[in-house]
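Enquirer: Please find one structure pasted underneath; my questions will follow.
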Amino acid sequence: MINGLNRPIKLGRISYTNAWPIFHHFDPSTLPFEAEMISDMPATLNRNLKAGEIDMAAISSYAYGISSESYYLLPNLSVSAFGRVQSILLFLKSPLEQVIHGKIALTTTSATSVNLLKIIMEKFYGGKPTYEDAEPSLDKMLENADAALLIGDHAIRASWTDHGYRVLDLGEIWNVWTGHWMTFALWAVHKETAHQYPEAIVSIYEELLESKRKSTLDLNPLVAKAMSQIGGTSAYWNNYFSQLCHDFGPDQMAGLKLYFQYAKELGLMDGEIELLELPRPHVIDNLSNRR
C-alpha cells in the first residue's frame, strides 16, 4: 500500500488510435498498487473526470480548459499536431461557401475538435453555420447537413471510402491560419487525488512516459495493432503515427493558449485557465500540509 492508498486509482484511456502511443506499453497490473484503466471516447472521459468518477485521464483540451482549476497537467503528454492530423476531418457535401452559412453535423465524441471547428468557421472564414449533434455515421450525418465533422477512428475509416466529398483537415487549417501547433488532448489528474496519493500518481505518470518512449522508439507494434483492428496499410499507419506528437512543450502550449484565447473571444469558454503541471511528490506533500 502506498501512502494509505486503500482503493484503486482509476485512469481514463482514450480509445482512439491517436492516444495509443501513450498507453500501448502501460500495464496497470505491474504497478505496486491497485489501478484500474477505463477506455472510452473523449467526451465520456471528460464527463467522468469532471464528476470525480475517475482520478486521472486523457481528456479533450477544451474540457481541461473549462475545469482547469480542478486539475494538474501531467507534463509532456498530449495529442498534438503541427499541420495535418488525419483524424479530425470535416467532410463537405456542399461547397465551402455554402457550408460556412449552412448546417454542420457534429460528432458527439469530442469537445476540442467541435470548438476548433467553430473557431475555424466563424473566426477564420467569417461564417455563422448552424450546428447539430449527431452520432458518428457519415452517411446519416450528411442526410440533412451540408458538412459533417468526424474525429478519431471514425474519421480515419470515413477518409478511406470513395464518398466523393471534399475533406478538410482541421489540424492543417489551424496551422495554415495561425502557424501554431494544435493540441487536441491532454493528460490531467484531480488535484485532490494528487494531494492524497502523490506517490501513486507520480508512479502512473512515469509509467505513461516510459510507454511513450517505447512507442517512439518502435512504431511497429502500434502499426500492426492498427492494421489488425481497423484496417489500412503499414504505410498509412507509419505516416499517421509519425505525424502525431505526444509531447507538450512550450510550442504546443503556445498553440493551446491561442486556441483558448479564440474560444473565449467567441464565447465558447470563460474564466481564467490555469496550466498547472503536476508537482513532484515532496512538493505535493507540502501543498497538502498547507490545506
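Enquirer: If I ask for residues that are touching a Gly at 6+ places or on another chain (Cβ under 8 Å) and among the small types (Gly, Ala, Ser), which ones from region 97-141 would you list?
Expert: 110
Enquirer: Output the number of residues of region 21-30 satisfying the condition of being surrounded by fewer than 22 Cβ atoms within 10 Å (Cβ to Cβ) and among the hydrophobic types (A, V, I, L, M, F, W, C).
Expert: 2
Enquirer: Considering only residues that are of a type outside the set (S, T, N, Q) and in a helix (DSSP H, G or I), look in region 229-250 and name the one that is farthest from the chain's Cα centre (by Cα).
Expert: 235
Enquirer: Residue under question is residue 142, and the condition is that it be within 16 Å of residue 102 (Cα to Cα), in the same structural domain as residue 115 (by TED's automatic domain parsing), surrounded by 19 or more Cβ atoms within 10 Å (Cβ to Cβ) and modelled with pLDDT of 95 or more; does it hold?
Expert: In short, yes.
Enquirer: Which one of 187, 160, 174 is assigned by TED's automatic domain parsing to the domain that holds residue 57 and under 25 Å from residue 15 (Cα atoms)?
Expert: Criteria check complete, one pass: 187.
Enquirer: Out of the residues in region 75-124 meeting the condition of being in contact with a strand residue (DSSP E or B) (Cβ under 6 Å, 6 or more places away or on another chain) and free of Cβ contacts under 8 Å to residues at least 60 places away in the same chain, tell me which one is surrounded by the fewest Cβ atoms within 10 Å (Cβ to Cβ).
Expert: Checked region 75-124; the qualifying residue surrounded by the fewest Cβ atoms within 10 Å (Cβ to Cβ) is 103.
Enquirer: Please specify each residue of region 51-85 satisfying the condition of being of a type in the set (D, E, K, R) and either assigned by TED's automatic domain parsing to the domain that holds residue 117 or in contact with a helix residue (DSSP H, G or I) (Cβ under 7 Å, 6 or more places away or on another chain) (or both).
Expert: Of everything in region 51-85, those that are of a type in the set (D, E, K, R) and either assigned by TED's automatic domain parsing to the domain that holds residue 117 or in contact with a helix residue (DSSP H, G or I) (Cβ under 7 Å, 6 or more places away or on another chain) (or both) turn out to be 55, 84.
Enquirer: Limited to region 31-69, what total is found for residues that are surrounded by fewer than 24 Cβ atoms within 10 Å (Cβ to Cβ), touching a Lys or Arg at 6+ places or on another chain (Cβ under 6 Å) and not in a strand (DSSP E or B)?
Expert: Looking only at that region, the number is 1.
Every residue, every condition in (1) buried (at least 21 other Cβ atoms within 10 Å of the Cβ); (2) touching a Gly at 6+ places or on another chain (Cβ under 9 Å), yes or no:
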position: 172; (1), (2): no, yes
position: 183; (1), (2): yes, yes
position: 188; (1), (2): yes, no
position: 203; (1), (2): no, no
position: 210; (1), (2): no, no
position: 219; (1), (2): no, no
position: 230; (1), (2): no, no
position: 234; (1), (2): no, no
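Enquirer: Which residue out of 11, 5 is out of contact with any Gly (no Cβ under 9 Å at 6 or more places or on another chain), of a type in the set (A, V, I, L, M, F, W, C) and either more than 30 Å from residue 240 (Cα to Cα) or surrounded by fewer than 21 Cβ atoms within 10 Å (Cβ to Cβ) (or both)?
Expert: That would be 5, the only listed residue that is out of contact with any Gly (no Cβ under 9 Å at 6 or more places or on another chain), of a type in the set (A, V, I, L, M, F, W, C) and either more than 30 Å from residue 240 (Cα to Cα) or surrounded by fewer than 21 Cβ atoms within 10 Å (Cβ to Cβ) (or both).
The values are calculated or read from the model by the stated rules, or taken from the named source; none is laboratory data. Bear in mind the structure is a predicted one, so any value in this text is a computation, not a measurement. All Cβ positions, glycine included, derive from the backbone under ideal geometry; neighbour counts span all protein chains shown.
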